[in-house]
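Structure, as structure tokens:
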Amino acid sequence: MRIIVLGAGLVGGPIAIDLSKDKHFEVSVCDISAQALERLSENYNIDTVQNDLSAADNIKRVIKNFDLVVSAVPGCMGFKTLKTIIESGKNVVDIAFFPEEPFLLDDLAKETGVTAIVDCGVAPGMSNILTAYAADKLDEVDTAIIYVGGLPQIRQWPYEYKAVFSPVDVIEEYTRPAHYIENGHLVVRPALSDRELINFRGIGTLEAFNSDGLRTMAKTIKAKNLKEKTLRYPGHAEKISILRHTGFFSKEKIEIDGHWISPLEFTAKLLFPKWKLMPGEEDITVMQIKVDGFKDKKEVSYTYDLLDRYDKSTGIHSMARTTGYTAAMAARMLYEKLYKKKGISPPEYIGEHPECVNFILNGLRDRGVNYSETVG
């Protein structure tokens with residue numbers, strides 16, 4: 001099978017590296033950055049294509065001769081890129097965290113006979129898969145809550161945060177209203193709201209706050225209460241809230257000495273260098289998924305825990321591992337024909353198929369990414 005990964009960044013690169021180790025795959029990567037491509041072509045059995053993926057015609061030419069596409073482009077490019085891939089009739093695994101509703105492309109995907117697995121990272125991604133997997137074991141779901149965050153191992157003032165994926169997508173998390181289900185009704189709250197302190201074994205106390213991570217699950221998972229919260233070191237949310245409230249994340253341009261610039265552009269120039277996770281800097285990924293409900297009229301609870309760390313042997317960051325390897329295993333799942341549903345498939349659809357869940361979990365375990373299950 002010929003696979004092309006669109007995007008050679010901190011997550012796209014590890015996806016390509018992992019897939020290139022499989023004898024069944026011929027792997028290529030496309031990116032606009034010659035430097036990012038050179039790192040891959042020099043050290044791995046990966047072909048590279050330098051091109052501008054912001055243009056639909058370029059994408060169509062690049063993916064024309066491939067059997068499967070993995071989209072690892074920034075969220076701002078994600079929806080248009082996915083639409084172009086589907087129009088080209090290519091099956092796709094997508095990790096782009098775009099704000100648009102993915103089901104808008106469902107009819108198109110079915111018309112072209114495409115399987116499009118979207119939001120297929122760690123969260124969204126494995127969070128959806130395991131929530132649906134647990135929900136499918138229950139007769140009724142009362143509450144499902146997801147806590148998840150990627151953090152630097154070493155806390156550095158003032159933000160105590162580093163981004164392994166596009167920092168623009170991080171800011172999107174901090175500005176996009178959070179949607180969740182409470183007592184059976186859809187509730188919309190500001191991002192960063194409803195902060196709470198929670199202790200996690202092996203880490204200590206972290207701060208949880210509302211974020212718009214449920215995505216499609218708000219519609220597809222039947223639960224009385226359903227919520228996702230992002231995890232950071234305590235105090236981070238307050239600092240970000242001050243920046244947001246002051247207008248530093250606004251996209252509306254303002255005039256400064258005759259020059260027009262958006263506050264977000266200015267903020268990005270200042271923040272992103274401070275948030276950049278450098279090679280060798282260690283990070284951790286923490287996630288807990290708790291699904292409570294009833295089976296045969298008895299209360300049952302399923303809890304899934306993940307604590308993953310930077311891999312010193314490969315130099316691959318934890319967030320890249322937990323996100324990228326999920327997408328890579330989904331690609332293998334399609335190759336093995338374990339999942340054949342046409343149209344837009346959010347990860348929770350995969351969670352309804354135990355054989356697919358076990359396939360992905362086993363693959364992640366082989367790569368050192370371990371989810372523990374507790375049943376109570």
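The values are calculated or read from the model by the stated rules, or taken from the named source; none is laboratory data. These figures come from a predicted structure and were not determined experimentally. Methodologically, a virtual Cβ is constructed for each residue, glycine included, from the backbone with ideal geometry; neighbour enumeration extends over all protein chains shown. Areas reflect the complete protein model, heavy atoms only, side chains present, ligands, DNA and RNA absent. Shrake-Rupley method; radii C 1.70, N 1.55, O 1.52, S 1.80 Å.
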Residue within the range 313-328 that is of a type in the set (S, T, N, Q), buried (at least 18 other Cβ atoms within 10 Å of the Cβ) and assigned to a strand (DSSP E or B) present: no
Residues (more than 23 Å from residue 335 (Cα to Cα) and of a type in the set (S, T, N, Q)) located in the range 30-71: 33, 35, 41, 43, 50, 51, 54, 58
Segments classed as helices (runs of 4 or more DSSP H), wholly inside the range 12-100, with at least 1 members that are in contact with a Cys (Cβ under 7 Å, 6 or more places away or on another chain), open to solvent by less than 40 Å² (accessible area, probe 1.4 Å) and more than 25 Å from residue 170 (Cβ to Cβ): 56-63
Extreme residue, farthest from residue 285 (Cα to Cα), among residues of the range 188-197 that are surrounded by 15 or more Cβ atoms within 10 Å (Cβ to Cβ) and in contact with a Phe, Trp or Tyr (Cβ under 9 Å, 6 or more places away or on another chain): 189
The lone exception for residue 211 - which of (1) under 24 Å from residue 308 (Cα atoms); (2) at pLDDT below 95; (3) loosely packed, with under 15 Cβ neighbours inside 10 Å it fails: (3)
Exclusive hit being surrounded by 11 or more Cβ atoms within 10 Å (Cβ to Cβ) and either in contact with a strand residue (DSSP E or B) (Cβ under 6 Å, 6 or more places away or on another chain) or within 30 Å of residue 13 (Cβ to Cβ) (or both), set 284, 261: 284
Selection within the range 259-294 - acidic (Asp, Glu), more than 21 Å from residue 232 (Cα to Cα) and in a strand (DSSP E or B): 292
